[in-house]
Each structure stands twice: as C-alpha cells, then as structure tokens.
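**Q** Shown below is the structure under consideration.
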Amino acid sequence: MTLVAVCVGAVGLALALSFALTGRDSRSTWPQAAPYLGGGEAQTHAWQRFHFRAYTMTLVFIAFEMEMMFMYPWAVVFVHEGLKAMAEMGMFLAILSIGILYGWREGVFRWQ
Amino acid sequence: MIWLLLTVPVTLAVGVWLAATFDRLAPALWGARAGGPVAALRDGALLLRRQTVRTEAPDDLNRRLAPVVYLALAAIGLSVVPVTHAAPIESPVGIVIWGSCEALTIIAVFLHGWSPNAPFPLIGAYRYAAIALPVMLPSMFVLIAAALPAESLSVTAIVESQREVWNVVRQPLGLALFLLVGLTLTQRGPFDFADGADIAGGTSAEDSGAGRALWQLARLAMLTAFSAMAAALFLGGPLGPGLPGPVWLWLKTAAIMALTVLLGHGIARTTPGRMLTLLWIVALPVSFLHLAVSGGLALW
Amino acid sequence: MVNVVVIALILFAVWTGWRVFRVDSMVRASFSLMLSFIAVGGVGVVLSMPYIGVATVFMMAVEMMAMAIFMVAFMMNPAGLNPMMMVHQHKFSVGAGVLAWLGLSTAVLSAELPSAPVTSEQRVVFDLGIELLGPSMLIFETAGVTLLATMVGAVILSSREGRYGHADHGSRPPGLAEGGDPAGRVPDEGGGHHHHHHGGH
Amino acid sequence: MTLTIVLLGASALIGIGLYGALSQQSFVMLMMGLELMLNGAILAIIGFWSLGLAGMPEGQLLAIIVMAVMAVEMALGFALIVAVYRKRQADMTEALGTLKE
Amino acid sequence: MSLLDRLAGRAPVPVFACIGPGMQAVTEHALLSPRLRRAASPREAAVLLRAGAIPERAAAAFGRVHDQLPHPRAVLRWDGQGDPADVITDAWVDLLNGADSDTDRRSDEPPNPWEGKGDHGQGGEGMMGGVPYGRPMAMTGDDIRDGLQLDAYTATVGPFAPMLPPGLTLEITLQGDVIISTSVTAPPFPQGDEASAPHLCAARLLRLLGLNAAAARVARGSSPRALWTRGAIPAGLGEAAKGEDVRARLSAWLAGQAGPYQAPRIGSMLPGLEWHEAMLVLNSYAPDALHRACAEEEEAA
C-alpha cells in the first residue's frame, strides 16, 4: 500500500516540478527546431526502423534474465536449505550457462 | 512514518547538490580545474534562464515523461533504504523494488533519447539500451548475493545482517560490480553510453534550458539514490557507533558518491561493441563467481 | 480502501491495455503495455503478493524495452508519423474480444468463488522458495532446460550465418499488393492507409 | 467482492488481448495481444491466490511460469521475425503465407 | 537583478565554437578557460563563437548552427587575438540584463511544406509516404554487416560537428549506428601546424573516450591522469599497417611524437565501422593529414 502511494506520489511531484520548470511553452522556429548535425542537414526523419546491432544478444538476454525470477526466492531460503539449495541452483545456472557459452561461440555478444 | 517519508526529498535535494559539487571538484584530482560549492547552483541557474527548444515533430508526451520518470525512480529507490531501524517503504522485497527501479531507468533514458526525433539522441538511446540491459545481470547477482546472509529480500534485514561485519568485507567483489551498475544508472564515465562525446552529447544533444536542467537533476538524484543503496548493501547503512543512524547513512552515502564520481571522471569509455562483449564474457562470469563465493561464505 | 486502490489499478491496466492497439507510435504501444503490466503488479503488491507483483514490474520493464526495440526495427512507420490502422478481420476480432469478455465475466459473476484470503503471518516469499527447491524442483529445473532451448533456438533463428551460406541469400521484399514492388523501398510508394484484408488468408 | 472485481478486470484484459491477437496484421503487434492475454492470466492468478486459495505457494509458482512462457514466446517470436525479415523483408502475418518455397 | 540572474551571470558560459581556417589550435586553447565551458552541441550553448573567417561554402551551415541555439543567445566574432573569455562573459551578462537575443538567420519555414496536406493534415500519405511534419521517412537500404535490410538514414554531418575536424563535411548513410557509406562533401579547413601538434591530437582522442579532465591536462602540455586510456581502444582498430592502429597512434601522440603523415581516404576508412569506432579512427589522424588526404582525393576526381 505504502509502495503504491509512494510511487504515485513521486511521479506526481516530479511531474509538478517538470511543469513548474518548463510549463510555458515558447515556440521554437523551424530553423531552431531542425535536428543538430553540426551544420549538416538530414534528409529524413530520425525515427526509422532502427537497425539495433545487439538484437541477438537481446534475445538471449530475455531468456536468460528469466532466471532472476527463480533466484530471488531461492536467496531467501538458501541458508535454511543449505547445500541442497546450492546444488539445485548450481545445476540451474549450469544449464543456462550452456546457452551463454553457445551464444558466445556463435558471436552474439558483438555489434552485429 | 511521515517523518521517514520526509527524509526522502531532503536527502535527494542535499544529495543532488553534493553530487553536483563533487562533479565539479573531481576533475581536480584527474588534473583539471575545480569549481566551488556554489558552482553547481550557478550552472543550474544558467540553464533555468534559457529557452527549452522543442525539436521538429518530437514525441512531446515522452519528452516530458522521461526526466519525470527518472526522478521519480530515484525517489522510489531511495525510499527502500532504511534511514534508521526502518525504511520509508518497509517492504519484504526491498531489493526487488530497487531492481525494478534499475530496469525502468533504462526505459527513461531510452525515451529521453527517442523523443526528440533527432539522430544523435537516437543513437545514444539505443547504445544505452544495448549496454544497460546486460548490466542488469551483474546487478541482480549482486543484490541476490547481498540477500544470502540476511535470508531476506528486505533492505532493512540486509542492513541488520551486517551488525558484526559489513558486506564490503564479506563481498568486496559485490561492491565493485555494484559500482559498475551505479555508473550505468547515472550515465557516468566508462558507462556513459547514452551521452558520449562522439555523438555530441547523445540523448542530451537536443536538450536545452530548463528541460536539460531537469534531466541533469534527475541524473544526480539517481546517483544519490544509488549511493544510499550501495551504502545500505555494503557499508551497513545507518549502523555505526556514536552518531545517530541517519548521519551514518548520509556520511556513507557521500563516500560512495565521491567514489562513483571519481571513477566516472577518470576511467576511459570503450566502444559499445567491445563493452557488450566485456559485460557478457567478463562481468557475467565474475558475477557467477561472486555469487558462489558469497553463498559459500553464508553457509560456512 | 483496498477495493478502491485495486479498482483504480485495474482500470488503469485495462485502459493502458486498450491504448496498446490505439496509439500510432510503436514505442508508445510497447510502453503502454508495460504500464498495463505494472498496474497488474501493483494489484499483486496490494493483495499481499509483494514478490510476484514487484518482480512483474522488473521483468516487464526489461521485456518491453526489448519489445520496443524490435517493434521499431521491424514495423513500417515505427514512430506513427502517419496515423494508421494495421488491422484485418476487424469486426470479427472486436466480436471475439467482446464475446470473450462477456463470457468470462458471466462465468465470474455466476460462479461461486472460493473465499480464503491469505493471512498476514504467511511468509510468502519464503514459502515460494521452499516450494521451488522442494515439491516443484522438477518444474524449476525443467524451466532451466526450456530457457536453454529458447536461447539456442533464438540464436539459430536470428543469426545470419547458416550451414549453407547466408540465410538471406536471394531474398526480395514482398509488395504491399500481390506481385507489387518491394515495400518500403521506393520513396513514393503509396502504401495502404487503413489496411483491411477481410477474412484473412 | 475484491476477487470478483479482479476477475472482471482480468477478463477485460483477456478480451482486449484476444481482439489484438486476432485483428493485428503485423506479427509483433499480434504478440502484444498474446502478452496482454497473459497479463490477464497473471491478474487472475494473483486474485485467486490472494483471496481464494489462502496463499498456496503453487499459485505464485504458476505466476512465474506464466512469465517464463511470456519470455520464451517473446524470444522465439522475435527470432522468427528476424529470420522471416531476412528472407522476405516482411513483418506481416499475411506475408508468412507466401513463404512456401 | 534577481538572485537567479546573479547566479547565472557568474556561471562559466557554455560556448559552441564554429572554427574557421587556421583557428583550431587557438580556439581549443581558449576554450580551456575556467570561465568558459565547451558545449557539445549548440543546444547547450549561450554564446556562439565565430573563430576566424568562415569561408563562403560554410556560411549556410553556420546559419543552421546559429539558429539552433536557444534564446537568449549571442554571436561573437573572434580573430584569435587575446583571450575571448572576457568578451564572452560580458555578452552573456548583457543578455541577462535584457540585451536583445540574436534573431534567426534563416527563414521560419519547414524543410518541406506539409500543413493541411495528406490524409490527416500531417503532410503524410499512406503508411510511409509524403512528408509528415515536413520531412519524408527513411526507407530500407542494404546493410554491409549483417545483411538485415532496415532503414538507411542519410544526412550530412559537419562542417561544425565537434567530433569531426572543422570544415570536414561528410554525407553519411547509417544503418542503426553503423556507417554504410560516406562521401566527403567538403574537406577540412586548412589548419596550421599547431593544430596537428601531438598533445592537441591526443586531447581530441581522450575527449572522445569521455576523459574531459585528462584531455584538458594533455592540451595544456601535461601528461594525462586517467585509467585504462589505451586499453579502452579496441586493439587493431583502424589498422593501417601491422601494429599501426588507433591505439598505437594515441601512444605515439602521448609520447610527443607526430602521427602518420598520410591518412587513408575517408570514403574507404569509415564504412563498416560503428559510429564510435569510426570517430576514433577519424580522430586518430591529425587534421593536416586528413586535409591532405581529402585534397588528393579531390585532385584524383
């Protein structure tokens, strides 16, 4: 409950600060608004089908990052469960590490 | 309860000023000239006196929301750090809340670069996303390792578990990895992939006036929140002899902040492609090692 | 009080979920979906499921970041500079959606719902940890293998180098119309605003 | 009472998700529809777990499994999109129909 | 004067410099002044410093950069004599006191007329066509690295881009942040030998690595204090001959030795590189070497 209240409150206050600082909207002229290219000119909008060069890494990351969901509750019972917890998580991470190693071998952790 | 919540804006305000001042002092150590305690206020005033340029066909909603979200995340992140025996948000899953703030920070920075519809900010935004996503992995390993001896995800419990010995002694690797996370969250030095000089300031290249001031403020606020979190996770937060808890927390926060600023000014930034590889094949195995060692120590 | 907060969060989740299919910008669509997830996470936090609630926020922030990156990379007009509606079988879909909602709602309203609220003494995160390591150990390890398979599959599908040369060898973009010019390559290709293809294929 | 509200919300999310999954031409938007349906599923699980099942740990595990399904679906879905785009520079579901070669 | 104005008046003034022929070295020295701050983009700057005589061919570009400064703004001419910090600070304080902000040089018109056109009055047609809000959208093009044909973004960069030598104007086509092709629209302005001095060249590279403090130190003639400077540059990047890469060139400059006399042609140097790598490679050649390479290319063509 407190968490939700604090989140809403923090966003609200930050928004109020933002409006207080940049509330009045002074119009920018067209030459002023042009994208900055050190005196150069753009032919098109900058928004585009952006060729993100780390896309294979992102895919591996999405799958690998799922392990966090399991690890947080594991951390809570780790001392309680002792070596059993260590062994089970070790196995889980070892399985996932194979994926990382495979990805590394295929060169996904590079700018494509 | 209300009193605890009020410490958050106060800590943020003082922290922002302190961080900005450190930023102007730190170059002295690395060989440039330093500014005094008022320098940060002067720079802020200069920005506030200037126009906020609206770029061509921008995403106005996200342009406003990006700094707002960043600042709010700093405030929420700071709220889970215990000031005395309790935190403003006393949650059983404090470090997961902090982890969520970290993940949402990537989105705030991405939106900041996306919304002006301009080439250099756009490159900065994508570069940052490519680096900050894998940085989340060491970050989570560090948080989880800190939770092991405490047997809890609550930051208060993690602080409590350091009554005898601070985590920085038990888990020195953790602090190093967490500093790396902090540099990424606050876009500093070797991890400032959003705002590189080669892209003319990256996501901030089209920022001017009060809008720029607000973004810089949010960055410094995030540095404050990160420093407080690191102080709680590794330096025992408010624990300490003699002085009251909050004072200890603030002193430790300032120390971590100074260290982060110093590293940010003094370490070179490599190319994004190389950093990506380093994160996966160096930082990630080191995080595994860190978790294994911390786990072993916790059982021992 | 709890009811009011839950209703507010759910209304927000539904509204942002609806916005996903109504905004033109792919970035806004992705992060609108993320807000919907965050609101659901908020419901979890309020209904004493703190770990799942907060972890949803964390997971979805990261996944929607990836979602936005891929949406922008592969969709035409990613920023929605030209307003558009890329739908097919629209009426059928609206009907199916409404029907699903009405059907499920009727089921909810007519069914006798169990009532056994979680008690405040329960250590919910601890319970989950015990469950993971004990009774559900197999599920946990199976998840590991599934994720491994996903990683390997994703790498194989998305990387360029195949055993028989580049995967894109001899490729040519399809037209917006059958047999038309490659889409998105000629500066003045008209494209179809309100792109209806009734009945699918 | 709260459980009813939560489940009504969940069915609304599933309804919108179904509409999205059926109506969207592009494969990525279709995935958004699927995700929204899973979001509704998570909401329903949260409601049942917290108010109807007295906090059974399996309920939480189920929510995690739903999220894992989502991650798997996303990773493979995007990988498929990359593969299809390489072949045809297309991102539409219709274009998949012409892929028979 | 309000408190805000008084504080703002004492801040180091952010300056964006448009550097003309023969002015690079003096301007870089002048910007080291503690009363000035080197702005990375005109959005950050309060004063536009016009250092030296900007040639006619760069006049339009100067106008574009000029108009991008937020108000209140001032333009100052500087011929390299004396320290410009006084004049710049005075100009900024005058602005705070209500002096007129410099008006636009270019007319207030969108790049293409769009208002009222198209399906929604946004200037666009259909999905990708038209000129929504004054500009067309990028279209797909070939990629030279991973073969995924996504949008190609083409723009001219320079002559006053801070990461390029002054005067150099490149037409660059990008796929994401990887350079697909470049052509030189205009060569760098001729600079004196001082601009190619090893310490200034090293300072430029260090600035690209995010080491502003170290760069300032090196520009003043001291040794840099920083961690991981050479190591941050990938080994083998921009390798001209065996062991002759960007890293080696930075080492030579830091040791006070002049860099290579010849630079390769820019059109063949940059394509295929990611933007950050490309800028490191480009700045690992001294301005006069780049000037010579461009001049030779022009002669050949």
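**Q** Across the residues of D:25-31, average count of Cβ atoms on other protein chains within 10 Å?
**A** Counting other chains' Cβ atoms within 10 Å and averaging over D:25-31 gives 6.
**Q** Which residues in the stretch D:6-33 place their backbone N less than 16 Å from a point set 7 Å from the Cα of D:VAL69 along the Cα-to-Cβ direction?
**A** Backbone N within reach: D:10-11, D:13-15, D:17-18, D:21, D:31-33.
**Q** Have a look at E:ALA301, E:ALA232, E:ASN283 and report the one farthest towards the positive end of the charge dipole of the stretch E:195-301, computed about the Cα centre with Cβ charges (Lys/Arg +1, Asp/Glu -1).
**A** Farthest towards the positive pole: E:ALA232.
**Q** Give the share of C-alpha pairs in each 10 angstrom bin for the stretch B:214-296, from 0 to the last occupied bin, in whole percents, shortest bins first.
**A** Whole-percent P(r) values from 0 Å outward: 16, 28, 39, 15, 2.
**Q** With each run of n ≥ 4 DSSP H residues scored as -39500 (n - 2.57), what mean residue ellipticity at 222 nm is computed for chain E after dividing by its residue count and rounding to the nearest 500 deg cm²/dmol?
**A** The helix-only estimate for chain E comes to -8500 deg cm²/dmol at 222 nm.
**Q** Would you mind working out the magnitude of the charge dipole of the protein assembly as shown relative to its Cα centre, with +1 at each Lys and Arg C-beta and -1 at each Asp and Glu C-beta, to the nearest 20 Debye?
**A** It comes to approximately 1600 debye.
**Q** Please express the shape of the stretch B:2-299 as an equivalent ellipsoid: the semi-axes are the square roots of 5 times the eigenvalues of the C-alpha gyration tensor, given largest first in whole angstrom.
**A** Square roots of five times the eigenvalues give 31, 22, 18 Å.
**Q** Explain nothing, just compute: Karplus ³J(HN,Hα) = 6.51 cos²θ - 1.76 cosθ + 1.60, θ = phi - 60°, for every residue of the stretch C:112-125 in order, whole Hz, x for Gly and Pro.
**A** For the stretch C:112-125, the Karplus-derived couplings read 8, 7, x, 10, 8, x, 5, 8, 6, 7, 5, 8, 5, 6 Hz, x marking Gly and Pro.
**Q** Going by how many other beta carbons lie within 10 Å of each one, how would you line up B:HIS85, E:HIS199, E:HIS66, fewest first?
**A** Ascending number of Cβ neighbours within 10 Å: B:HIS85, E:HIS199, E:HIS66.
**Q** Test of the criteria: in the stretch C:11-96, which trypsin sites (Lys or Arg not before Pro) are in a DSSP loop and have at most 12 other Cβ atoms within 10 angstrom of their Cβ?
**A** On the way: sites: C:ARG19, C:ARG22, C:ARG28, C:LYS91; in loops: C:ARG22.
Sparse-neighbourhood loop trypsin sites (Lys or Arg not before Pro): C:ARG22.
**Q** Let me ask you something else. The stretch E:214-301: D in µm²/s via Stokes-Einstein (Kirkwood Rh, Cα pairs, 37 °C, 0.692 mPa s)?
**A** D, rounded to a whole number, is 235 µm²/s.
**Q** Can you list the residues, at least 5 places off or on another chain, whose amide H is less than 5 Å from the amide H of E:THR169, using H built in the peptide plane?
**A** Amide H neighbours of E:THR169: E:THR185, E:ALA186.
**Q** Hey, fewest Cβ within 10 Å first, where do B:TRP3, B:TRP98, C:TRP18 land in order?
**A** So the ranking, lowest neighbour count to highest, is B:TRP3, C:TRP18, B:TRP98.
**Q** Also, I was wondering about something else. With 10 angstrom as the radius, rank E:CYS201, E:CYS294 by how many other C-beta atoms surround their C-beta, starting from the fewest.
**A** E:CYS294, E:CYS201
**Q** Taking just the C-alpha trace of the protein assembly as shown, give me its Rg and Dmax in Å.
**A** Expressed in Å, the Cα Rg and Dmax of the protein assembly as shown come to 28.1, 89.
**Q** Along the charge dipole of the stretch B:2-299, pointing to its positive end and built from +1/-1 on Cβ of Lys, Arg, Asp and Glu, which listed residue (B:PRO149, B:GLY36, B:LEU185) has its Cα farthest out?
**A** The Cα lying farthest towards the positive end belongs to B:GLY36.
**Q** What Kirkwood hydrodynamic radius, in Å, does the stretch D:1-79 give when the mean of 1/r is taken over all pairs of distinct Cα atoms and then inverted?
**A** 13.1 Å
**Q** List the extent of the Cα atoms of the stretch E:3-96 along each of their three principal axes, largest first, rounded to whole Å.
**A** 43, 26, 20
**Q** Further question: For the stretch A:77-88, in order, what is each residue's ³J(HN,Hα) by Karplus, 6.51 cos²θ - 1.76 cosθ + 1.60 with θ = phi - 60°, in whole Hz (x at glycine and Pro)?
**A** Listing the rounded values in order: 9, 4, 5, 4, 8, x, 4, 4, 4, 4, 5, 5 Hz.
**Q** So what are chain A's ellipsoid semi-axes, whole angstrom, largest first, if each one is the square root of 5 times an eigenvalue of the alpha-carbon gyration tensor? The partial results should precede the final answer.
**A** On the way: eigenvalues 399, 172, 12 Å².
Computed over chain A, the values are 45, 29, 8 Å.
**Q** Ratio of Rg to Rh for the stretch C:1-80, alpha carbon only, Kirkwood?
**A** 1.06
**Q** Let me ask something else. From other protein chains only, count the Cβ atoms within 10 Å of every residue's Cβ in C:111-118, then give the mean. Mind dumping the intermediate values first?
**A** Values: counts 2, 0, 9, 6, 7, 8, 8, 9.
Average per residue, whole number: 6.
**Q** What FRET efficiency, computed as 1/(1 + (r/R0)^6) with R0 = 25 Å and r the Cβ-Cβ distance, is obtained for E:ASN112 and A:THR29, rounded to the nearest 0.05? The partial results should precede the final answer.
**A** Values: r = 16 Å, r/R0 = 0.64.
Calculated transfer efficiency: 0.95.
**Q** Among E:PRO42, E:PHE62, E:VAL131, flag the residue with its Cα farthest along the positive direction of the charge dipole of the stretch E:6-141, charges on Cβ as +1 for Lys/Arg and -1 for Asp/Glu.
**A** E:PRO42
**Q** For the stretch B:58-181, treating each Cα as an identical point scatterer without solvent, what Debye log10 I(q)/I(0) comes out at q = 0.15 1/Å?
**A** -0.75
**Q** Pop out the ³J(HN,Hα) list for the stretch E:165-180 in order, Karplus 6.51 cos²θ - 1.76 cosθ + 1.60 with θ = phi - 60°, rounded to Hz; leave Gly and Pro as x.
**A** 3J(HN,Hα) across the stretch E:165-180, in whole Hz: x, x, x, 5, 10, 10, 8, 10, 10, 10, 10, x, 10, 9, 7, 8.
**Q** How many nm is it between the label spots at E:ASP104 and E:ALA241, if each spot is 7 Å from the Cα in line with the beta carbon?
**A** 5.3 nm
**Q** Moving to a separate point now. Please work out whether chain E counts as rounded, prolate or oblate from its C-alpha gyration tensor, where a ≥ b ≥ c are the square roots of the eigenvalues and a/c under 1.5 means rounded, while otherwise a/b larger than b/c means prolate and anything else oblate?
**A** Because a/c hits 1.5 or more and a/b fails to exceed b/c, chain E counts as oblate.
**Q** Give the average, rounded to an integer, of partner chain Cβ atoms located within 10 angstrom of each Cβ in B:151-159.
**A** Mean partner-chain Cβ count within 10 Å for B:151-159: 3.
**Q** Still on this structure, please answer the following. About its Cα centre, what dipole magnitude does chain E give when the only charges are +1 on Lys and Arg Cβ and -1 on Asp and Glu Cβ, stated in debye to the nearest 20?
**A** The dipole of chain E has a size of about 1160 debye.
**Q** Follow-up. Can you give the charge dipole size of the stretch E:138-301 about its Cα centre, rounded to the nearest 20 debye, using +1 on the beta carbon of Lys and Arg and -1 on the beta carbon of Asp and Glu? Working shown, then result.
**A** Numbers: 12 positive and 18 negative charges, 199 e Å.
It comes to approximately 960 debye.
**Q** Excluding A:ILE95 itself, calculate the net charge of residues whose Cβ lies under 12 Å from the Cβ of A:ILE95, where each Lys or Arg counts +1 and each Asp or Glu counts -1.
**A** -3
**Q** Could you pull out every residue, at least 5 positions away or on a different chain, whose amide H is within less than 5 Å of the one on E:ILE180? Hs are placed 1.01 Å off N in the peptide plane, and Pro or chain starts have none.
**A** E:THR173, E:LEU174, E:GLN175, E:GLY272
Every number in this text was worked out from the coordinates using simple rules, so none of it is lab data. Computed from a predicted structure; not experimentally measured. Positions of Cβ are generated from backbone atoms using ideal geometry, with glycine treated the same way; all protein chains shown enter the neighbour counts.
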